[in-house]
Amino acid sequence: MKKTMNPKSMTESGKIRTPFRLLLMVLLSALAAGLGYAVSTLSSQSPGSGEWVAANLETSGVSNPVTAVLLNFRSYDTLLEMGVLLVALLGVWSLGGIPEQRESSPGPVLDTLSRLLVPVLILVAGYLLWVGAHAPGGAFQAGSVLGAAGVLLLLAGWRLDARFAGLPLRITLTTGLGVFVVVGAVLMLVGRRLLEYPPSFAGALILLIEAAATLSIGMTLAALFLGSRPEAGPDR
Amino acid sequence: MSHVFLYALVGTGLFTLGLYALIVHTHLLRKILAINVMGSGVFLVLVALAARARGAAPDPVPHAMVITGIVVAVSATALALALMVRVRAETGRAELSEERPE
């Protein structure tokens, strides 16, 4: 489908008139100077909240401060972020997907490479998930690696089997947010505040939430890449 | 000036460059890319300013915020691209129209 473009609109839309462009440059230079001034007048030594995190790291259940902040001290952020991912996917699906998608068969290199790489990527994702408790890593890194494996599979022509495209896919996509909300609600039922983990098994709870989040993030990123909702039903 | 501020200044520069591209270009894909460049600038500022604790480990809170921000930026970009594809399918072009009253 190729529509002929109106030549007038093309020349006009590609260009903004020079006076405006100069004015914009001046204004943005002023903005850049202001931002640069604001940044450079900050004090050059500031521990921020690092000391507070280090002092309370014992009670968080993990020894990696970034994971402790993400999934314990500020876990509300992460909970809402899982919601954002899910809502973005629902938005993409509700737009009806990519209209005309021509698929080409993958070359032998891509085909072989994806067969070799996908198991390794799954292994790396599991490692990143586990290592996140005490070193750089965690649910988002592991989820991105899983998502990359999914993108590779999609590029190589693999599609989710129609048997799994209905309820199983939806459960996988929502399990991250679901586990998070259930853990938070159960903690409230036993008399603590939302997502206030008891220090004795905070580590186990964080690992549980992270494992569910990794699956959901990986699946959501691959689904976002595919763009349209996989066909469900007994056809094929 | 320490290297922390060099990175932070590069971050503000990226932000401003992205803002310029966002305003100047009419093609939606370029606008989406420009927003991503702006976001990268913000992330760079956050990570750079987190390293101001001398001798100690960097402040983990901005790092956690950047991880959160990256995932949100990726999903927002995917949604924006889907919207762009939809606009292209509906109107035949992926640019904002430039119909000013002359």
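Data table
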| read-out | value |
| --- | --- |
| A:Val66 within 8 Å of chain B (Cβ to nearest Cβ), closer than 30 Å to A:Gly184 by Cα, at pLDDT 85 or above and surrounded by fewer than 18 Cβ atoms within 10 Å (Cβ to Cβ) | no |
| A:Gly157 being within 30 Å of A:Phe201 (Cα to Cα) and not polar (S, T, N, Q) | no |
| Test for A:Ala156: is it away from chain B (no Cβ under 11 Å) and in contact (Cβ under 8 Å) with a residue 40 or more places away in the chain | yes |
| Unmet criterion (only one of (1) of a type in the set (A, V, I, L, M); (2) surrounded by 15 or more Cβ atoms within 10 Å (Cβ to Cβ); (3) more than 9 Å from every other protein chain (Cβ to nearest Cβ); (4) under 27 Å from A:Thr174 (Cβ atoms)) for A:Leu117 | (4) |
| Residue check, A:Ala33 small (Gly, Ala, Ser), in a helix (DSSP H, G or I), at the interface with another protein chain (Cβ under 8 Å from one of its Cβ atoms) and surrounded by 12 or more Cβ atoms within 10 Å (Cβ to Cβ) | no |
| Positions within segment A:46-100 being free of Cβ contacts under 8 Å to residues at least 40 places away in the same chain, part of a helix (DSSP H, G or I) and either of a type in the set (Gly, Ala, Ser) or touching a His at 6+ places or on another chain (Cβ under 7 Å) (or both), in sequence order | A:Gly50, A:Ala54, A:Ala55, A:Ala68, A:Gly91, A:Ser94 |
| Criterion: surrounded by 11 or more Cβ atoms within 10 Å (Cβ to Cβ), modelled with pLDDT under 90 and not in a helix (DSSP H, G or I) - qualifying residue of A:Lys3, A:Lys15 | A:Lys15 |
| Members of segment B:7-41 that are within 23 Å of A:Ser46 (Cα to Cα) and in contact (Cβ under 8 Å) with a residue 40 or more places away in the chain | B:Tyr7, B:Ala8 |
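The values are calculated or read from the model by the stated rules, or taken from the named source; none is laboratory data. Not measured: the values here are computed from a predicted model. Neighbour counts are summed over all protein chains in view; Cβ atoms, including those assigned to glycine, are modelled from backbone coordinates with ideal geometry.
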